[in-house]
Amino acid sequence: MKVLIIGNGGREHAIAWKLNQSPLVSKIYCCPGNAGTAQIGENIRVDCNVIEDIADFVEQNKVELTIVGAEAYLAQGAVDYFQMRGLNVYGPTQAAAGLESSKSWAKEFMFKYHIPTAHSQTFSHPEAAKDYIRQTGVPIVIKADGLAAGKGVVVAFELETALKAIDDCMVAQIYGEAGTTVIVEEYLEGEEVSLLAFSDGYLAVPMLPVQDHKRIGDGDTGPNTGGMGTYAPTTAFTAAIKEKVVNEILIPTIQGMKNEGTPFVGTLFIGLMLTSDGPKVVEYNVRFGDPETQVVLPLLESDLAQIFIDCVSGKLNPDSIKWKMGKTAVCVVAASGGYPGKYQTGEPIDGLEEIRNSLVFHAGTKFNFNGDIVTAGGRVLNVVHLGNNIGAAIDGAYRDLALLSFEGMYYRKDIGRRELLRSGV
Ligand code: AMP
Ligand code: GLY
């Protein structure tokens with residue numbers, strides 16, 4: 001079977017790498033892909049912003065399954081369009097993608113189905129939002145309603161920060177349309193866990209629990225990023241917590257979506273806060289996480305292509321999904337200096353061929369005119385190491401990361417440290 005993956009991040013490289021191990025897969029295309037996916041499959045020469053052109057390619061080249069990696073395509077209805085043309089596609093429809101593309105809709109959904117989440121109010125007038133914030137006080141969380149490339153959330157510990165966030169979002173409109181409506185939300189305290197699940201619309205099977213490191217700086221300081229590193233599984237997510245999350249969050253979400261007439265097919269990503277009052281939903285995403293995928297898929301024992309086929313055909317079999325037990329994976333992201341602000345691109349990357357004991361998933365990379373691999377984005381490379389415990393996985397990832405270099409390369413030094421402190425090895 002020929003497959004096509006839409007997207008160009010480390011997540012898409014990890015999906016391509018895993019699908020490449022499947023005996024069911026004969027050829028992998030990526031659109032637009034990166035220098036990493038080009039070494040596994042073929043990055044196609046199609047304008048990947050034009051979904052009609054991708055569908056034309058899929059038809060002409062008899063691609064049997066398309067996987068949509070990035071949320072923007074899902075929110076625009078890429079899956080609906082492929083389905084309309086009779087093409088097999090893994091991912092939620094535009095309506096089901098509303099769980100991520102409209103935080104206010106997601107909040108109403110959770111309220112309706114009694115899914116635990118932070119208390120919140122939705123506002124479309126800045127003065128009303130500010131009055132509410134003054135009454136409630138800090139800490140408080142302000143979120144743009146729509147998609148803002150992971151940047152639309154401000155966790156405010158000072159009243160001025162909260163009020164400024166409202167002005168930035170609703171008056172200056174720094175996120176454009178996405179911020180004309182805001183959600184003002186109760187601040188939740190606890191360990192954050194990313195739980196991804198495969199779903200065929202009827203049932204969902206959770207993957208291994210992951211902890212992301214969202215802030216740019218060591219010790220969780222500085223601005224939010226797309227994610228600077230991950231590890232899985234996390235022992236913060238105990239068997240008791242898992243049971244609660246499955247029964248109180250995952251199953252009600254999948255059943256609720258079915259009940260709404262918008263069944264969720266694809267990867268559901270639940271951002272959780274493990275509070276003293278039980279696990280609560282911080283956000284839903286409707287696709288694989290990045291860099292969560294880079295640690296989850298190397299721990300998956302089963303055939304990913306078969307799982308995708310089963311989800312798309314509504315026949316997901318929970319017993320068919322197996323994990324590598326006793327292994328821990330750590331992913332450290334190497335980013336361009338200046339990210340998540342301004343950064344240089346086009347810097348040559350050295351040392352890739354020296355890495356033998358870790359996986360390297362590319363994100364912002366490309367081949368330049370000389371055929372050299374150069375930087376092409378904020379997050380550039382993901383070094384992933386599997387170890388028998390968290391300590392071994394951390395050491396292995398950092399040992400191999402030290403072999404890589406490009407001008408301005410930046411990475412966090414403390415990925416996995418919380419887990420190391422918790423588990424002691
Ligand atoms: P989101 O884009 O919704 O994932 O939010 C970005 C980050 O902001 C999350 O990963 C959390 O670390 C933080 N955050 C979001 N909502 C809350 C909340 N209600 N309480 C505390 N932190 C939050
Ligand atoms: N790492 C968080 C995300 O993919 O949204």
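The values are calculated or read from the model by the stated rules, or taken from the named source; none is laboratory data. This one's a predicted model, so the numbers in the text were calculated from it and none came from an experiment. Virtual Cβ from ideal backbone geometry, glycine too; neighbours counted across all protein chains shown.
Observations
- Counting the residues of the stretch 227-243 that are surrounded by fewer than 22 Cβ atoms within 10 Å (Cβ to Cβ) and touching a residue at least 24 places away in the same chain (Cβ under 8 Å) gives 4.
- Count of residues meeting criterion [within 25 Å of the chain's Cα centre (by Cα), part of a helix (DSSP H, G or I) and touching a residue at least 24 places away in the same chain (Cβ under 8 Å)] in the stretch 100-118: 8
- Members of the stretch 246-271 that are away from ligand 2 (no atom under 16 Å from the Cβ), under 12 Å from GLY91 (Cα atoms) and outside any loop (DSSP other than H, G, I, E, B): VAL265
- Inside the stretch 191-236, residues that are in a loop (DSSP other than H, G, I, E, B) and of a type in the set (Gly, Ala, Ser) make up a count of 5.
- Qualifying residues in the stretch 136-171 (those that are in contact (Cβ under 8 Å) with a residue 12 or more places away in the chain and of a type in the set (Lys, Arg)) - the one nearest to ligand 1 (Cβ to nearest atom): LYS143
- If you go through the stretch 198-217 and pick out every residue that is within 16 Å of ligand 1 (Cβ to nearest atom) and in contact (Cβ under 8 Å) with a residue 24 or more places away in the chain, you end up with 7.
- Test: residue in the stretch 261-281 that is within 22 Å of LYS143 (Cβ to Cβ), among the small types (Gly, Ala, Ser) and within 15 Å of ligand 1 (Cβ to nearest atom): yes
- Qualifying residue in the stretch 278-288 (condition: touching a residue at least 60 places away in the same chain (Cβ under 8 Å), of a type in the set (Lys, Arg) and either within 16 Å of ligand 2 (Cβ to nearest atom) or crowded, with 23+ Cβ neighbours inside 10 Å (or both)): yes
- Among residues of the stretch 382-415, those that are in contact (Cβ under 8 Å) with a residue 60 or more places away in the chain, closer than 20 Å to ASN357 by Cα and not in a loop (DSSP other than H, G, I, E, B), counted: 12
- Restricted to helices (runs of 4 or more DSSP H) entirely inside the stretch 34-99, those with at least 3 residues that are farther than 20 Å from ARG11 by Cα and at pLDDT 95 or above are 51-60, 78-84.
- Sole exception among (1) surrounded by fewer than 22 Cβ atoms within 10 Å (Cβ to Cβ); (2) not in a strand (DSSP E or B) for GLN121, by number: (2)
- Matching residues, the stretch 168-190, being assigned to a helix (DSSP H, G or I), modelled with pLDDT under 85 and either within 13 Å of VAL153 (Cβ to Cβ) or touching a Phe, Trp or Tyr at 6+ places or on another chain (Cβ under 6 Å) (or both): ALA178, GLY179
- Counted residues, the stretch 180-223 - those being closer than 30 Å to HIS125 by Cα and under 14 Å from the mean Cα position of the chain (by Cα): 1
- For the stretch 140-167, the candidate set comprises residues that are surrounded by 15 or more Cβ atoms within 10 Å (Cβ to Cβ) and part of a loop (DSSP other than H, G, I, E, B); within that set, the residue that is nearest to ligand 2 (Cβ to nearest atom) is GLY150.
- Number of the condition not met by ALA334 [criteria: (1) surrounded by fewer than 17 Cβ atoms within 10 Å (Cβ to Cβ); (2) aliphatic (A, V, I, L, M); (3) in a strand (DSSP E or B)]: (1)
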